[in-house]
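*Asks:* Have a look at this one before I ask anything.
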Amino acid sequence: MAKKDPYVLAKYYYYEGFYYQESNPQKAAISYQKALLLFPKFKTEESHFFQALSWYNYGVVKKDKEGYPFLVKILLEKSIPTVEKYTENPRLGYLYSQLAIILTYNAEFEKSNYYNQRAIGLLEKTAPKSSELFTAYLHTASNFCYQAKGDEAKKYIDKAEKLIVPYPESSYNTLFYYIKALYLITKQKNTEALPMIEKGLFYSKKHNQNIYTQMFYVNKYDILRKLNRYTEAKAVLESTLTEKTLIREANNRKTIYYLLSNINELMGNPQEALSWQKKYSTLSDSLNAENVKLKINQLETKFNTSEKEKKIATLNAEKKDKELLMNKKNSYLWILGLAAFLFLSLLIFIFIVYKKNRKISEQKEINLQQKITDIKQKEELNLTKAIMESEERERERIARDLHDGLGGMLAGVKINLSSWSLTHLDNDHQESLLRIIHQLDSSVNELRHIARNLMPEALLNSGLEAALEDLCEFYTRKDLHIDCQLIGISKELTLNIQMNIYRIIQELLANSVKHSEANTILLQCSQSNDNFMITIEDNGKGFRETDHIKTKSMGLHNLKNRVDYLKGQIEINSDAEGTAITIELNTKESE
């Protein structure tokens, strides 16, 4: 049929690309390109939507190579503009929904919600029982889950459930149970999330949805690890290696190796933990080497392009010289006429300048005031930076003196007391001395806690993510559970930025533990490019809105200084059911 009809041929290439989308992305990309050459020749609504979907699917198969910005650009500049005039067509809602889920994965939560709501509004009107509306509900729920807004997510999960109940055999059940498990994890109901994961695994395996299968396994591992069911958690990781879908990408494989090393260390298997750590390090070094090669190729390409541009500029300059030489011969004929015209123009110019002088003077004054303001702000920033750097140096010095100096002295006193008691005290007095030595041990431990708060070794040795996990574990008690969720934190942050973020979170946790009387604290940190988001919630007693303004607490004062230093914003919401604090920071280093 396609040989006789170009439109059928275009549709054939589209479906050929769709068929090879997962098994052979390179072949799929070629098929979509062929379809995109043919569809623009037909000006129908259906052809426009096939063209839009071809663009979108082409962006999906090229995402791994070009990155998410390329896919977002395809949607915003190609797919959506092609069909946006058809405001009553459900496929437009589908494209809005796909853009929203991509924005969610990249922590652009507000933008994602905007497109989710556009998709839902259109689909509820034009296709109220469609699979597109079902997925739009779940994408909206996942967006709220990643913002730790579980109650908002639950509303959309309930709407999606009403649509999927009549179809117990549908492959869409996989996505439903994945989002429902994500919601329960967000609400810290880890035990309740496990049955949802098992149901999701049933559908993903039944319908050969390998990517979802691996995503369920990763969530299952994380829950089992938090529940201290280490043997089961390890088995889940090993199953991902056997199945091989998730580890096709080197970065995923590196993550699995790292997690296997950690779980074996928790289980007391140091030799096996070391083996997985070596695999992780080897793969990490390999990926770094590939990045270096890529940068070298980019620099080489840039150099070659620069050389070509220089040659073109030289040729253009020679051409202009020849044109100027020819134009000069004709210019004398115009001099007399131009002289009169210039004289008249000069009079007009003087009049215009006279009228605008006052406006220019006013603008200069405004510019001068702005420069003065900028200089003041820069000086304040430099002063804040100097104070914070000085403070961290002093913390480091005190921590070192306490740990190496006073700590060593106390340890020596303990040893000397123990040795002296063996030769100078009878059994009746030994017990009293042991109590004194036990008090001395407690003093040494307290000294180490103080030194650790002053200068966290985990931050210096292992980076921000490990230091934050260590900090949460430090504050956790029998009557207090702290859920630490770290999403997309870069290891490329400078030590200065990492230290300031660590101090901010340390102050937030300390205040919550000390004042809130909570038994559950949720700490969530996520990073997208230069934006770093911190959210901390507790179920404590809360406080009045004006309390944090009236307080003279040095801790809150330092917190505000660090947030201002990182050009951030802080929002505090508190009531009788608990407190939620959101901080958005800029991790780009100031010059």
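*Asks:* Between residue 362 and residue 564, how high is the FRET efficiency from 1/(1 + (r/R0)^6) when r is the Cβ-Cβ distance and R₀ = 35 Å? Nearest 0.05.
*Replies:* Details: r = 32 Å, r/R0 = 0.90.
Efficiency for this residue pair is about 0.65.
*Asks:* For segment 122-233, just say rounded, prolate or oblate: build the C-alpha gyration tensor, square-root its eigenvalues into a ≥ b ≥ c, call rounded for a/c under 1.5, and beyond that prolate if a/b exceeds b/c, oblate if not.
*Replies:* Oblate shape, in that a/c is at least 1.5 and b/c is the bigger or equal ratio.
*Asks:* Then there's this: So if we plug the beta-carbon distance of residue 420 and residue 68 into 1/(1 + (r/R0)^6) with R0 = 56 Å, what FRET efficiency do we get, rounded to 0.05? Show your work: numbers first, answer last.
*Replies:* Working: r = 68 Å, r/R0 = 1.21.
Given R0 = 56 Å and the Cβ-Cβ separation, E is 0.25.
*Asks:* Just the accessible area for residue 267, please: 1.4 Å probe, Å², rounded to the nearest 10?
*Replies:* 60 Å²
*Asks:* Sticking with the crude label model, points 7 Å out along Cα→Cβ, report the distance from residue 84 to residue 437 in nm, one decimal please.
*Replies:* Using points 7 Å along Cα→Cβ, the separation is 7.8 nm.
*Asks:* Is there a pair in 180/226; 205/254; 180/234 whose C-alpha atoms are over 22 Å apart, and which pairs would that be? Could you put the intermediate results ahead of the total?
*Replies:* Working: 180/226 19 Å; 205/254 24 Å; 180/234 24 Å.
In this structure, 205/254; 180/234 exceed 22 Å between Cα atoms.
*Asks:* Now, a different point. Per residue, what accessible area does segment 184-228 have, given a 1.4 Å probe and all protein chains present, in Å²?
*Replies:* Details: 2170 Å² over 45 residues.
Computed with neighbouring chains in place, this is 48 Å² per residue.
*Asks:* Hey, can you rank 58-71, 475-488 by average C-beta count inside 10 Å, highest first?
*Replies:* Values: 58-71: 16.4, 475-488: 14.6.
Going from most to least packed, we get 58-71, 475-488.
*Asks:* On to the next question. Roughly speaking, what is the stretch gain from residue 239 to residue 588, that is 0.36 nm per residue apart minus the C-alpha to C-alpha distance, in nm to one decimal? Present the calculation step by step, with values, prior to reporting the outcome.
*Replies:* On the way: separation 349, 0.36 × 349 = 125.64 nm, distance 3.96 nm.
Result for the pair: 121.7 nm of gain on full extension.
*Asks:* Assign unit charges at the C-beta atoms only (+1 for Lys and Arg, -1 for Asp and Glu), then state the dipole size of segment 483-548 relative to its Cα centre in Debye, rounded to the nearest 20. Mind dumping the intermediate values first?
*Replies:* On the way: 5 positive and 9 negative charges, 30 e Å.
The calculated dipole for segment 483-548 is roughly 140 debye.
*Asks:* FRET efficiency for residue 9 and residue 496, Cβ-Cβ distance as r, R0 = 60 Å, nearest 0.05? Intermediate results must be reported in sequence, preceding the final value.
*Replies:* Working: r = 59 Å, r/R0 = 0.99.
Between residue 9 and residue 496 the formula returns 0.50.
*Asks:* Going down the list 34/65; 43/78; 27/129; 65/278, which pairs span over 23 Å between their C-alpha atoms?
*Replies:* Working: 34/65 20 Å; 43/78 16 Å; 27/129 34 Å; 65/278 27 Å.
Pairs exceeding 23 Å: 27/129; 65/278.
*Asks:* Over the heavy atoms of residue 44, what accessible area does a 1.4 Å probe trace out, to the nearest 10 Å²?
*Replies:* 70 Å²
*Asks:* Would segment 488-530 count as rounded, prolate or oblate if I go by the C-alpha gyration tensor, calling it rounded below 1.5 in a/c and otherwise prolate when a/b exceeds b/c, oblate otherwise? Intermediate results must be reported in sequence, preceding the final value.
*Replies:* Working: a/c = 4.35, a/b = 1.97, b/c = 2.21.
Oblate.
*Asks:* Which value, in Å² rounded to 10, gives the accessible area of residue 91 with a 1.4 Å probe and all protein chains present?
*Replies:* Answer for residue 91: close to 90 Å² accessible.
*Asks:* Here's something else I'd like to know. Can you tell me how much longer the chain between residue 378 and residue 269 gets when fully stretched, taken as 0.36 nm per residue apart minus their C-alpha distance, in nm with one decimal?
*Replies:* Numbers: separation 109, 0.36 × 109 = 39.24 nm, distance 5.27 nm.
Gain in length upon complete extension: 34.0 nm.
*Asks:* Here is a follow-up. Hey, any idea what % of segment 2-71's accessible area is carbon plus sulfur with a 1.4 Å probe? List each step's numbers first, then the result.
*Replies:* Working: 2330 of 4140 Å².
On segment 2-71, the fraction of accessible area on carbon and sulfur atoms equals 56 percent.
*Asks:* Further, regarding this structure: Please compare each pair in 41/162; 478/588; 244/491 to a cut-off of 30 Å on the Cα-Cα distance and tell me which ones are over it.
*Replies:* Beyond 30 Å between Cα atoms: 41/162; 478/588.
*Asks:* Another one. Using 7 Å Cα-to-Cβ label points, what is the residue 205/residue 45 separation (nm, one decimal)?
*Replies:* So the label points at residue 205 and residue 45 sit 4.4 nm apart.
*Asks:* For residue 353 and residue 281, compute 0.36 nm times the residue count separating them, minus their Cα-Cα distance, and round to one decimal in nm.
*Replies:* Details: separation 72, 0.36 × 72 = 25.92 nm, distance 6.86 nm.
Full extension from residue 353 to residue 281 adds 19.1 nm.
*Asks:* Moving on to the next point. I need the shape label for segment 41-128. Rule: rounded when a/c is under 1.5, else prolate if a/b > b/c, else oblate, with a, b, c from the alpha carbon gyration tensor.
*Replies:* Values: a/c = 2.46, a/b = 1.12, b/c = 2.20.
Judged from the Cα gyration tensor, segment 41-128 comes out oblate (a/c at least 1.5, b/c at or above a/b).
The values are calculated or read from the model by the stated rules, or taken from the named source; none is laboratory data. Source: prediction; values computed, not measured. Ideal geometry is used to build each Cβ from the backbone, glycine not excepted, and the neighbour counts take in all protein chains shown. Areas reflect the complete protein model, heavy atoms only, side chains present, ligands, DNA and RNA absent. Shrake-Rupley method; radii C 1.70, N 1.55, O 1.52, S 1.80 Å.
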